[in-house]
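Enquirer: Here you go, one structure.
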Amino acid sequence: MTRRAVVIGTGHYLPERVVENAEFEDKLDTSDEWIRSRSGIERRHIAADDETTSDMATQAALAALTDAGLEGSDVDAIVLATSTADLTFPSAATMVQAAIGMTKGFAFDVQAVCAGFVYALSNANALIASGQANRVLVIGAETFSRIMDWTDRSTCVLFGDGAGAVLLEAQDQPGTTDDRGILATDLNSDGRYKDLLYVDGGVGTRSTGHLRMQGNQVFRHAVEKLAQTAHTALESAGLGADDVDWIVPHQANIRIIQGTAKKMGLPMEKVVVTVQDHGNTSAASIPLALSVGKKRGQIKEGDLVVTEAIGGGLAWGSVVLRW
Ligand code: UT7
């Protein structure tokens, strides 16, 4: 038997305020047409002034627990992917821990920007596989609205806020490619590309800073690296693209999503797409798409799901799991 990390619950949270593309037309030299055609984004949710990353993460975590019929006290660990934690420390994960009434176990943040959720999922899988935890909440939550330069049309129209969560549980499986649970992971980073996507603030500058991105340069890396990491993870699972039921990609740009699916030889009918409604929510985008995809009736038990993401670092990776 093989100890696998199986998804037993999903949930998400989106802030109430929805900002349509047209709202930017009054303030910036941009248009709904440009944003839609270049990115596929139509609207995004923006957190209220008093709403934090840990608040949204808590709501997503509670929804995932409800979905699984469990409570905070049933969880051993929280791994929370974010680049926009409420405070420099403690981690947003420990704030969620307190908020969901979990008084044992451990909680920590993972920071790999838009690739954060695949990094968190991979780490949670290792915790379960090694027997260090039996149930792990894996959360992606971001308030990128707080690090936007709202005068920079090349970035501020692209991002949004939100949170998603999955609850993983250790289950003994036969040890074949038909097993439920995480079957393979692949993580990569290359720090030489720091200047393509970064925040120009932090502890070193005593400021929060703003996101800076050379979008077209990131784009050039994205399709190739995403298709490659998905291929590597599938291969290490002993599977191929033909076995895939759903790609659940990081939702940054519909053209990247389409290009990656094409490179993998898969039709868009097999891709969960939420970018039009959420924009780029960084580490939150994949768990949001998993939760929405399940609610829409797209992802069902037994389906083979491939997640892939790339972001600042550059950091990128993929996780192959059977739902
Ligand atoms: O999630 C983390 C990873 N990030 C990503 O995956 C983002 C990857 N990059 C992208 O999604 C795309 O590169 C963008 C959507 C950011 C931009 O699309 P693009 O087709 O690469 O456009 P571009 O950056 O080459 O810019 C084309 C033109 C430029 O004008 P000129 O220099 O050709 O005159 C920009 O100044 O579009 C201009 N532009 C805009 N025009 C209207 C940039 N932003 C805007 C805007 N409205 N909001």
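Enquirer: Can you pull out every residue in the stretch 239-279 that is crowded, with 22+ Cβ neighbours inside 10 Å and small (Gly, Ala, Ser)?
Expert: Of everything in the stretch 239-279, those that are crowded, with 22+ Cβ neighbours inside 10 Å and small (Gly, Ala, Ser) turn out to be Ala252, Ala261, Gly279.
Enquirer: Restricting the search to the stretch 180-211, which residues are over 14 Å from Asn125 (Cα atoms), surrounded by 13 or more Cβ atoms within 10 Å (Cβ to Cβ) and either in contact with a helix residue (DSSP H, G or I) (Cβ under 6 Å, 6 or more places away or on another chain) or in contact (Cβ under 8 Å) with a residue 60 or more places away in the chain (or both)?
Expert: Matches in the stretch 180-211: Asn188, Ser189, Tyr193, Leu196, Leu197, Tyr198, Val199, Thr208, Gly209, His210, Leu211.
Enquirer: Let me ask something else. Please tell me if Met268 is under 24 Å from Arg36 (Cα atoms), modelled with pLDDT of 95 or more and within 16 Å of the ligand (Cβ to nearest atom).
Expert: The answer is no for Met268.
Enquirer: For the stretch 1-38, enumerate the residues that are in a loop (DSSP other than H, G, I, E, B), more than 25 Å from the chain's Cα centre (by Cα) and away from the ligand (no atom under 16 Å from the Cβ).
Expert: Across the stretch 1-38, the qualifying residue is only Met1.
Enquirer: Would you mind telling me which numbered condition in (1) within 24 Å of Ala107 (Cα to Cα); (2) touching a strand residue (DSSP E or B) at 6+ places or on another chain (Cβ under 8 Å); (3) β-branched (Val, Ile, Thr) Thr88 fails?
Expert: So the condition that Thr88 fails would be (2).
Enquirer: Tell me, please, whether a residue that is among the aliphatic types (A, V, I, L, M) and away from the ligand (no atom under 15 Å from the Cβ) can be found in the stretch 277-289.
Expert: no
Enquirer: Being of a type outside the set (Lys, Arg) and part of a loop (DSSP other than H, G, I, E, B) narrows it down to one of Thr229, Thr177, so name that one.
Expert: Thr177
Enquirer: Test Met148 against the stated conditions and say whether it is more than 10 Å from the ligand (Cβ to nearest atom), of a type outside the set (S, T, N, Q) and touching a Leu at 6+ places or on another chain (Cβ under 9 Å).
Expert: yes
The values are calculated or read from the model by the stated rules, or taken from the named source; none is laboratory data. Please read all numbers here as calculations on a predicted model, not as lab measurements. Cβ sites come from the backbone with ideal geometry, for glycine too, and all protein chains shown count toward neighbours.
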